[in-house]
Amino acid sequence: EPEVTQTPSHQVTQMGQEVILRCVPISNHLYFYWYRQILGQKVEFLVSFYNNEISEKSEIFDDQFSVERPDGSNFTLKIRSTKLEDSAMYFCASSPMIGGPGELFFGEGSRLTVL
Amino acid sequence: AQTVTQSQPEMSVQEAETVTLSCTYDTSESDYYLFWYKQPPSRQMILVIRQEAYKQQNATENRFSVNFQKAAKSFSLKISDSQLGDAAMYFCAYRRRTGNQFYFGTGTSLTVIP
């Protein structure tokens with residue numbers, strides 16, 4: 001069964017460093033998302049992406065964050081200068097459609113630890 | 001703003017018994033979707049069940065069913081005949097009919113006792 005895959009599963013970085021989290025969505029899906037979950041808190045929406053542009057973003061997704069679909073398969077989240085509060089589990093998700101009762105298909109997550 | 005609340009951080013159930021996980025939400029919308037996702041340890045979240053707000057009938061998927069109370073803005077998940085494989089974190093989620101942002105609760109960690 002097709003899956004969303006994410007790499008790395010865990011990354012440790014120093015504060016101020018750039019981090020790129022990678023995702024391979026399900027191949028025929030058109031909508032891509034990043035969510036994050038700080039330990040013990042809610043899963044929070046960061047950004048959605050469709051047709052090679054951001055379709056929606058949250059207040060969390062400030063200028064330090066960017067997303068890109070550099071080729072036909074990868075979807076990346078870049079954090080330019082990491083802060084301690086960026087430590088979280090980051091989930092990539094994709095869906096084949098927008099609207100309707102469509103579900104999200106999630107990856108296993110990338111755990112980011114900022115020291 | 002839409003918020004989703006799961007008031008039970010942890011729950012436990014004996015194998016073969018029934019357990020109900022609670023979820024409430026706040027919205028001013030009349031048409032939306034509600035979801036329960038399951039996240040086993042070190043695995044991705046997978047959809048367990050979904051409910052369309054305009055449907056009065058409660059959704060069911062095998063051993064999983066929901067009690068959807070629209071007026072009370074309540075959406076609980078019932079797991080019947082619990083199995084060891086049901087042990088996981090369960091997230092309740094809301095999405096407006098239009099729009100692509102899901103709102104999640106903080107999750108309920110379910111332990112199944114053999």
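Each reported figure results from applying straightforward, stated rules to the coordinates on display, with no laboratory input. Keep in mind the model is a prediction, meaning the values are calculated, not measured. Every residue, glycine as well, gets a Cβ built from its backbone with ideal geometry; the counts of neighbours run over all protein chains shown.
Structure notes:
- Equivalent-ellipsoid semi-axes of chain A, from the Cα gyration tensor, Å, largest first: 22, 14, 14
- Globularity ratio of region B:9-52, using Cα Rg and 2.2 N^0.38 Å: 1.46
- R0 of 45 Å, Cβ-Cβ distance residue B:61-residue A:84: FRET efficiency to nearest 0.05: 0.65
- Relative contact order [Cα under 8 Å, 6+ residues apart], chain A, whole percent: 38 percent
- Top positive-direction residue, dipole computed over the protein assembly as shown with Cβ charges, set B:100, A:67, A:50: B:100
- Residues listed by number, region B:83-103, amide nitrogen under 18 Å from residue A:39 label point at 7 Å toward C-beta: B:89
- Convex hull of Cα atoms in the protein assembly as shown, direction-averaged projection (nm²): 12.5 nm²
- For the protein assembly as shown, lysine pairs with C-alpha atoms less than 30 angstrom apart, excluding pairs fewer than eight positions apart on the same chain, total 24.
- Options A:114, A:21, B:71, ranked by Cα towards positive dipole end of the protein assembly as shown, top entry (Cβ charges): B:71
- Its Cα centre serving as origin, the protein assembly as shown has a Cβ charge dipole (Lys and Arg +1, Asp and Glu -1) of approximately 200 debye.
- Spherically averaged projected area in nm², based on the convex hull that wraps the Cα atoms of region A:35-91: 4.2 nm²
- Taking the number of Cβ atoms within 10 Å of each Cβ as an exposure proxy, the fewest-first ranking of B:108, A:5, B:3 is B:3, A:5, B:108.
- Hydrodynamic radius (Kirkwood) for chain B, which is based on Cα pairs only, to one decimal in Å: 14.1 Å
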